[in-house]
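Accompanying notes for the structure given below.
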Amino acid sequence: NDSTWETVQIPHDWAVRLPFVKSPNSDVMSHGYKPVGGLFPERSIGWYRKKFSIARSDSGKRFLIEFDGVYRNSMIWLNGQFVGNNQSGYIGKKFDVTDIVNFDNPNVLVVRVDATQYEGWFYEGAGIYRHVWLNRYENLHIKRGEVFVHTDGGAASGIVTIETPIENQSSASARGAVRTLIADNQGRIVARSRDEAVSAAVNKTSVAIQHVTVKNPHLWSLEQPYLYRAMSILLQDGKPIDTVITRFGIRFVKFDAAAGVLLNGKPVKIQGVCCHQDHAGVGSALPDYLQYYRIALLKEMGVNAYRTSHNPPTPELLDACDSLGMLVLDETRLLNSGDEYLSQFERLILRDRNHPSVLLWSIGNEEGRIHTTSMGKRVALSMIAKQQELDPSRTSTYAANVANVFRGVNEVIPVRGFNYHNEGILPYHAAHPTQPLLSTEMGSTVTTRGVYEKDTVRCYVPDQDITFPPWASRAEDWWPMTQEHAWMLGGFVWTGFDYRGEPTPYEWPNINSHFGIMDMCGFPKNIYYYYQSWWRTDDVLHISPHWNWRGSEGKPITVWVNSNADSVELFVNGASLGMKQMKQNSHLTWNVSYAPGAIEAVGYRHGKKITSRRETTGEPVEVVLTPSKSVLASDGVDAAVVNVSVIDARGREVPDAQMPVQFSLTGSARFIGVGNGDPSSHEPDQCGEGQWQRSLFNGKCQVIIQSLKGNDPVKIEARAAGVKPASAIIRVK
């Protein structure tokens, strides 16, 4: 009896709504102290039901239900018939349900989700947290998810190869023809194939392989991520019966053991970040828009590559990387060549191989029990063979947390991946100079945004590049070495954003990581400006900390300046503390006796003057709302991020404000999550109707809204005690 069940919107993560529970169990701790898993069976299994109708006129067609991602171990029924299951929480699965759909009665889709067992050691969520699709097509059709579009030859040739699998699920042999059209990003047809005749016996698949030439192609690059569309059209008796559209980019990648990564013939140093898939407020169930929002934040920092650690990403993340210009290290969950995990790896490659953003595949991460053994070598060989079978246009790496060790996986992996162990990189390269080398995981500095003293009660660490676990290093330890050597492909920092779970270096009350260059909301920490200084080509000059230190008059404050300026002079209330030369890939510091007022940095870069300033602010007098967009689509899917701060009477943002803020909303949208980047906050990420609120953490918090299917303008209001409220209008169309 589902009459009392809650109506939810997919994507959906039920774990993010659960309370935090203090537990000495290491699994509970590493998953962010959420009561999901083997110790909490009553909160670890969920049931979903979906009713839908199919028109009688569609009888005779084929139907396929596709799950992009369910965490975890899902079992699926349709109309009382068992359809199948998927053990993976990260890679989706398709199910043909043609024989059991109803045309005269409603269809009832039932999904049982079992999150009792973990796959990782980090927050993983629970539920149908990615999209679900119902696909309809003819008995003779283009096989879903298996069209392969890849580019061959030199950059000037513009030769595109399209492999289109035609599957025959009718009761007799069938014939047809495949035609492929290539459209540019304006929809104009720029190339077309000849019709390729195909025939397929019953329950067999034939592949049409076509080569077309795009004249004077626009190459996909980090700066200009140009996308084409391949339209694969299946014709029967001269009439189109099926069409599949595939977005792709024309680009050429080479891994050179001496010159590094060459993208379209130009060297590119990998300036990457590792990321888990959750975000403040929404857990793992991110609206599609948030994928673009997060990638755009990383681009602004100077990031050019994203590692999907440690599991297959949601497809929309790759869409964002394709569109915005971000390379991707696409990682399967486990180094394992058994049937189940090889199937997961195969589904990953088939799904993602058309994305121009995908740079190379990762066959696993830190499987220390086997990765230096002959077993690990054999497993790796099987996985590499599968990768080459399905995508010979790319190659593989493996994230190994061992130093100067060649045995096992490293003997056979085409691109050697290093997790930490900086000390082993130079001797390893000297011993194996022909093997390209990539830092798959580096850094792991722990910081808390806006905090400048260690706090073992609240579990905070200083917001500078000074604290790191024993296995890790500071940013300034690994990046200068990476930048110095052309043969280093580059590296991925652990991590781009804070994430739930794996609290380090503290445990409770800390409930998420400190590793992020940005916090869980995407608010930058100070280390962000170190990377931005050396990863971007435009001017960067940033001063930290803030200058609100009431009660510390006369006490020493260490002022950090992150910049790519050649030299910087620091002024305190107009008095110079001297000019210093900036060392490449470093930062500058001054010890300053605190006095209220202003600190100002004046830098000179290639003879150009650049400045940055911090002032002591007054008390907060007004809330400020900053929406990430001014218009929402009225599709019930689009979303917007609204960042919240407070200002003083002179309009200056108050960086140390901690007050709670209450939110209300009218119009065609709903709240779906709140956050503030505080790694020890136990405030709810999702609230009841009329109860949405979040405290500012060091001056900032965030609320996320999602559109409803209507056109009423959205008005968001924010109130805090003792200050002027704020409102923002977002149009819906």
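The values are calculated or read from the model by the stated rules, or taken from the named source; none is laboratory data. Please read these numbers as outputs of a predicted model, since none were measured by experiment. Virtual Cβ from ideal backbone geometry, glycine too; neighbours counted across all protein chains shown. These area figures cover heavy atoms from the full protein model, side chains too; ligands, DNA and RNA do not enter into them. Shrake-Rupley method; radii C 1.70, N 1.55, O 1.52, S 1.80 Å.
Could you go through the stretch 155-163 and let me know if any residue there is assigned to a loop (DSSP other than H, G, I, E, B), open to solvent by less than 50 Å² (accessible area, probe 1.4 Å), among the polar types (S, T, N, Q) and modelled with pLDDT under 95.
Of the stretch 155-163, the ones assigned to a loop (DSSP other than H, G, I, E, B) are 155-158.
Okay, now just the ones that are also open to solvent by less than 50 Å² (accessible area, probe 1.4 Å), so 155, 157-158.
Narrowing further to those that are among the polar types (S, T, N, Q): 157.
Keeping just the survivors that are modelled with pLDDT under 95 gives 157.
Looking through the stretch 155-163, at least one residue is assigned to a loop (DSSP other than H, G, I, E, B), open to solvent by less than 50 Å² (accessible area, probe 1.4 Å), among the polar types (S, T, N, Q) and modelled with pLDDT under 95.
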Is there any pair with a first residue in the stretch 165-179 that is closer than 18 Å to Arg144 by Cα and a second that is assigned to a strand (DSSP E or B) and open to solvent by 40 Å² or more (accessible area, probe 1.4 Å) whose Cβ atoms are under 6 Å apart and which are 6 or more apart or on different chains, and what are they? Pro165/Thr205; Pro165/Val207; Glu167/Thr205; Gly176/Gln236; Ala177/Ala197; Val178/Glu196
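Can you tell me which of Gln117, Gln186 is under 25 Å from Phe82 (Cα atoms), open to solvent by 50 Å² or more (accessible area, probe 1.4 Å) and either of a type in the set (D, E, K, R) or in a loop (DSSP other than H, G, I, E, B) (or both)?
Numbers: Gln186 fails: under 25 Å from Phe82 (Cα atoms).
Result: Gln117 is the single residue among Gln117, Gln186 that is under 25 Å from Phe82 (Cα atoms), open to solvent by 50 Å² or more (accessible area, probe 1.4 Å) and either of a type in the set (D, E, K, R) or in a loop (DSSP other than H, G, I, E, B) (or both).
Report whether or not Val409 is farther than 27 Å from Glu163 by Cβ, in contact (Cβ under 8 Å) with a residue 40 or more places away in the chain, open to solvent by 10 Å² or more (accessible area, probe 1.4 Å) and aliphatic (A, V, I, L, M).
Details: farther than 27 Å from Glu163 by Cβ: yes; in contact (Cβ under 8 Å) with a residue 40 or more places away in the chain: yes; open to solvent by 10 Å² or more (accessible area, probe 1.4 Å): no; aliphatic (A, V, I, L, M): yes.
No.
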Step by step: first the residues of the stretch 285-299, then only those that are in contact (Cβ under 8 Å) with a residue 40 or more places away in the chain and in a helix (DSSP H, G or I), then the one that is surrounded by the most Cβ atoms within 10 Å (Cβ to Cβ). Which residue is that? Leu290
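Please specify each residue of the stretch 260-272 satisfying the condition of being touching a Leu at 6+ places or on another chain (Cβ under 6 Å) and of a type outside the set (Gly, Ala, Ser). Explain how you work it out, then say what you get.
Here is the first cut: in the stretch 260-272, the ones touching a Leu at 6+ places or on another chain (Cβ under 6 Å) are 260-261, 264, 270.
Hits for the stretch 260-272 are Val261, Asn264, Ile270.
Could you please let me know if Pro392 is touching a Gly at 6+ places or on another chain (Cβ under 7 Å), modelled with pLDDT of 95 or more and closer than 30 Å to Ser232 by Cβ? Steps first, answer last, please.
Values: touching a Gly at 6+ places or on another chain (Cβ under 7 Å): no; modelled with pLDDT of 95 or more: yes; closer than 30 Å to Ser232 by Cβ: yes.
Considered against the rule, which asks whether it is touching a Gly at 6+ places or on another chain (Cβ under 7 Å), modelled with pLDDT of 95 or more and closer than 30 Å to Ser232 by Cβ, Pro392 comes out as no.
For the stretch 209-218, indicate whether the set of residues that are under 30 Å from the mean Cα position of the chain (by Cα), part of a strand (DSSP E or B) and not hydroxyl-bearing (Ser, Thr, Tyr) is non-empty.
No, there is no match, as no residue in the stretch 209-218 is under 30 Å from the mean Cα position of the chain (by Cα), part of a strand (DSSP E or B) and not hydroxyl-bearing (Ser, Thr, Tyr).
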Tyr71: passes all of (1) under 24 Å from Gly281 (Cα atoms); (2) open to solvent by less than 70 Å² (accessible area, probe 1.4 Å); (3) in contact with a Lys or Arg (Cβ under 6 Å, 6 or more places away or on another chain); (4) in contact (Cβ under 8 Å) with a residue 24 or more places away in the chain but (3)
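Mind checking which residues of the stretch 665-692 are in a strand (DSSP E or B), within 18 Å of Leu18 (Cα to Cα) and touching a residue at least 40 places away in the same chain (Cβ under 8 Å)? Spell out how you get there, then give the answer.
Pass one, the stretch 665-692, residues in a strand (DSSP E or B): 665-666, 669-675.
Narrowing the set further to residues that are within 18 Å of Leu18 (Cα to Cα) leaves 671-675.
Scanning the stretch 665-692 gives Ile672, Gly673, Val674, Gly675.
Pull up the stretch 80-106, narrow it to residues that are hydrophobic (A, V, I, L, M, F, W, C) and part of a loop (DSSP other than H, G, I, E, B), then point me to the one that is most open to solvent (accessible area, probe 1.4 Å).
Step one: list which residues in the stretch 80-106 are hydrophobic (A, V, I, L, M, F, W, C), which gives 82-83, 91, 95, 97, 100-101, 103.
Subsequent filtering for residues that are part of a loop (DSSP other than H, G, I, E, B) retains 91, 97, 101, 103.
Values: Ile91: 3, Val97: 2, Val101: 17, Phe103: 46 Å².
Of everything passing the filter in the stretch 80-106, Phe103 is most open to solvent (accessible area, probe 1.4 Å).
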Looking across the stretch 680-697 at residues that are in contact with a Lys or Arg (Cβ under 9 Å, 6 or more places away or on another chain) and surrounded by 22 or more Cβ atoms within 10 Å (Cβ to Cβ), the single one that is farthest from Val714 (Cα to Cα) is Ser681
